[in-house]
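In what follows, a single structure is set out as structure tokens and then discussed.
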Amino acid sequence: MNIKRDYSIPELPSMTNSSVSVRRYGSILAMLLDASPLKDILDSLVLLIEEEKLGTIGSILLLSDDGQRLLTGAAPNLPDSYNEAIHGIEIGEGVGSCGTAAFRGERVIVEDISSHPYWEPFKALPLAAGLQACWSEPIKNNENRVLGTFAMYYDTEKSPTEMDLVLIREAARLASLAIERSRALQFQRLTANIFNHLPMAMVITNQLGSILDANPTFYQMLNACPDKYHHFEPEIFFKSSGHKLNSMLAQLKLKESWQGELLGCRLDGEHFHLDLTVSVFKDPASDERLYSWLFSDISERKKASEIIDFQANYDSLTHLANRNHLFKAMNAEIESDRLNPGFGFMLMDLDNFKQVNDTLGHDKGDQLLQAVCKRIQACIKESALLARLGGDEFALLLPDMVKECELQLLANEINEAVSVPYILGGDKQVLTSISIGIARFPEDAMSLEQVLNCADQAMYISKDEGRNCFHFFTEQMQQNAEYTAKMHTSLKLALESNAFELYFQPILCLDTHQIVRAEVLLRWQDEGQFIPTDEFIALAESSGLIVDIGHWVRQEAMSFLIELQNIAPDIGLSINVSMYEFWSHSLQDNLVNSIQHIAKELSCDAFPFEMVTIEITESLLMKQHTHLIDSLNKLREMGIKIAVDDFGTGYSSLSYLSHFPIDQIKIDKSFIQDSGISKKQQALVEAITTLSHALELHVIAEGVETKEELQFVKNAGIEAVQGYYFYRPMTKSSLIELLNKR
Ligand code: C2E
Ligand code: CA
Ligand code: CA
């Protein structure tokens, strides 16, 4: 027991019952006011009672928070071993004097522990400590809730007098006061602690804006000095929040709270974003309306969310809106029900960006994109939204701009601005241009997808028609697109249903006019109509179906060649192979393997590969890939000849003729058919022929239709010829008939 302080009790007149109580209260109250620890106060109380009634050993037990067990409160004169044994005991009917009193909420008087049934299971413990009687009074608060027990022990059997009962009741009441007050203080200290250490600013003001209380975070956040800052006026502090401030003030007049984000202003003038909760409450003492302002600085969070928002909606290179942002804006335009005229939309694609990137590097590529975007921006009004859709593709949303003349003017301006040369990083001059497709809402399309689709179709027309230009979407484009889609399906069905047919056009030796070969030409009749071969081959190429079609052609042609061997063993076949079948290494390998495979299936003996010519186009030779050379060599090793078709229409660099493993060139019919008109053309054909002969290449002229053209071809020294002058493409049976007649 360690009660060190001396709580002197004022001298009181006479020792009546009430004056005894006053003395007791006085001393305990003094300790309470002094905010002494609860343990000390309870110890003093026990000692006071023991002094009051000699022979008493007092004990205070406290009920645990869960209301189930009794815990040591104060028992300075009970043996430690006894206190320890009792600590934590569960309350209940018949659990000694205190356990029963706490359980029932009633006083329990046990005069003789040794014989009383409540003590039966536990009596060894008090008897060993020399305790014979125990009276226990429950300690209750104002609401009659049990807080613990006050017990008085004696070393002999004993029953209480009237005075004893008054004393024990008063002792319990004093203990109740001490426990409640000390818990309230503890709670107050806790809240003060929280208030002071809260990472949020908290300030309590009255209606005049006077600060009644504020925590340190509040002053820190405002950069204010607690000694000098006495007024917190929302009208000034949240001034920059604009109409949000007014709506908050209005709501606080009607309701008891407001929650939201505002802009605050520190004393040094710096603005910051804050998350605020205001509560209005009445001061119970003065009945005045008070305000509690609780807020945290969310500037960092705001900044982070702005960055996230930027990344989600803008392109990091050009800082233009991205696809996401553009689509949102377009949808908003589409959904807005105001009576607006709609909007114009441009899809734009740089014409040679890949080339710039590949030759000058990505750095310069990025610079070019930034420069292009600046030039476009200079052409447009603020209401327009320019977006980068990725790579070198841009889009322009033009609210309210639907007039053809206005859009035309703008597109022209953009085409011109973009095509002015760029100087990138010093002296490098770079040229680029842009292809534009224009669509209008709602005139051309009624949904986002359709608008994009229409602009896309129009842009592809611009690409097709030489680039650096613009096109409006037209109904015709839509029809063409639908036609293409329909044809893709029909082509697929044609292949599956064996609806293709092979025609053959003889190729003759110019000297002897004898047929030496026939070119295999594919025919397709759809719904009884011949579809132009150029047209459906282009479609098959764009859909990838050309690979399967090519395989079918070779299968049929090679099988016919075996047949021909019996009729005219000296006649070969020339088979066209699309450059798309040389697109990748694996396609090239496929091609070679499939030809070998077909040959194996067709003949047990050696297949007459030397009677096969494969026609490839000139543009294929632009790619000087070693794999392509390997593939062509493999075909030649088998005995197959390679012809370069449509010679002169591509990039007519003659030098590559020497690099590639080829056997023949077929001069394009445009050279032959122009021969009567242009002298230059004649010179060109003669030069090509001379050079080809020097490279030991065989030269064939195609498209010979007239006597004059035939004469021209002869004069040029060309050795083989193909054209309507001799034969048009014919069916298999016609060719057989023709060959049999020879
Ligand atoms: P091409 O390889 O240049 O074929 C020659 C084209 O010229 C054929 O057109 C033929 O009918 C035509 N022609 C022949 N002589 C004359 C003439 O004196 N005057 C005129 N004006 N034209 C003549 P066709 O059959 O319509 O074929 C067009 C193109 O389709 C072919 O051009 C070829 O590139 C492609 N093609 C045809 N069959 C196949 C095939 O089986 N596979 C592949 N990949 N393409 C093929
Ligand atoms: Ca050909
Ligand atoms: Ca040709």
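The values are calculated or read from the model by the stated rules, or taken from the named source; none is laboratory data. Owing to the predicted nature of the structure, the values given are computational and were not obtained by experimental measurement. Positions of Cβ are generated from backbone atoms using ideal geometry, with glycine treated the same way; all protein chains shown enter the neighbour counts.
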In region 674-702, which residue that is crowded, with 20+ Cβ neighbours inside 10 Å and within 16 Å of ligand 1 (Cβ to nearest atom) is farthest from His625 (Cα to Cα)? Ser675
Which numbered condition in (1) crowded, with 18+ Cβ neighbours inside 10 Å; (2) not in a loop (DSSP other than H, G, I, E, B) is the only one that Val402 fails? (2)
On the given criteria, is Leu602 more than 48 Å from the chain's Cα centre (by Cα), aliphatic (A, V, I, L, M), assigned by TED's automatic domain parsing to the domain that holds Ile515 and at pLDDT 95 or above? no
Would it be correct to say that Met459 is crowded, with 18+ Cβ neighbours inside 10 Å and of a type in the set (A, V, I, L, M)? yes
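Quick one: is Ala329 under 20 Å from Leu431 (Cβ atoms) and touching a residue at least 24 places away in the same chain (Cβ under 8 Å)? Even if it seems obvious, please write down each step before you answer.
On the way: under 20 Å from Leu431 (Cβ atoms): no; touching a residue at least 24 places away in the same chain (Cβ under 8 Å): yes.
Answer is no for this residue.
Given Phe671, Phe647, which one is crowded, with 22+ Cβ neighbours inside 10 Å, among the aromatic types (Phe, Trp, Tyr) and more than 55 Å from the chain's Cα centre (by Cα)?
Numbers: Phe647 fails: more than 55 Å from the chain's Cα centre (by Cα).
Of Phe671, Phe647, the one residue that is crowded, with 22+ Cβ neighbours inside 10 Å, among the aromatic types (Phe, Trp, Tyr) and more than 55 Å from the chain's Cα centre (by Cα) is Phe671.
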Might you let me know whether region 723-736 holds any residue that is more than 17 Å from Gln514 (Cβ to Cβ), touching a Phe, Trp or Tyr at 6+ places or on another chain (Cβ under 8 Å), within 16 Å of ligand 3 (Cβ to nearest atom) and in a helix (DSSP H, G or I)? no
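This table checks each residue for (1) within 16 Å of ligand 1 (Cβ to nearest atom); (2) over 22 Å from Gln722 (Cβ atoms); (3) outside any loop (DSSP other than H, G, I, E, B).
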residue: Asp548; (1), (2), (3): yes, yes, yes
residue: Glu563; (1), (2), (3): no, no, yes
residue: Ser574; (1), (2), (3): yes, no, yes
residue: Asn590; (1), (2), (3): yes, yes, yes
residue: His597; (1), (2), (3): no, yes, yes
residue: Thr613; (1), (2), (3): yes, no, yes
residue: Leu621; (1), (2), (3): yes, no, yes
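Of the residues Ala101, Ala151, which single one is of a type in the set (A, V, I, L, M) and in a helix (DSSP H, G or I)?
Ala101
Evaluate region 502-512: report whether one residue or more is over 29 Å from Val577 (Cα atoms) and away from ligand 2 (no atom under 16 Å from the Cβ).
No, the conditions are met nowhere in region 502-512.
Only one residue in Lys634, Lys641 is within 16 Å of ligand 1 (Cβ to nearest atom) and basic (Lys, Arg). Which one? Break it down into steps so the answer makes sense when it comes.
On the way: Lys634 fails: within 16 Å of ligand 1 (Cβ to nearest atom).
Exactly one of Lys634, Lys641 is within 16 Å of ligand 1 (Cβ to nearest atom) and basic (Lys, Arg), namely Lys641.
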Checked against (1) within 30 Å of Phe232 (Cβ to Cβ); (2) touching a Cys at 6+ places or on another chain (Cβ under 7 Å), Tyr153 satisfies every condition except (1)
Looking at region 194-212, can you tell me whether even one residue there is surrounded by fewer than 12 Cβ atoms within 10 Å (Cβ to Cβ), within 30 Å of Glu143 (Cα to Cα) and not aromatic (Phe, Trp, Tyr)? yes
Please state which of the following conditions Ile211 fails to meet, knowing it meets all the rest: (1) in a strand (DSSP E or B); (2) touching a residue at least 40 places away in the same chain (Cβ under 8 Å). (2)
Identify the residue in region 658-699 that is at pLDDT 90 or above, among the charged types (D, E, K, R) and away from ligand 2 (no atom under 15 Å from the Cβ) and, among all such residues, is nearest to Glu615 (Cα to Cα). Glu696
Within region 214-244, the count of residues that are touching a residue at least 12 places away in the same chain (Cβ under 8 Å), hydrophobic (A, V, I, L, M, F, W, C) and exposed (fewer than 14 other Cβ atoms within 10 Å of the Cβ) comes to 1
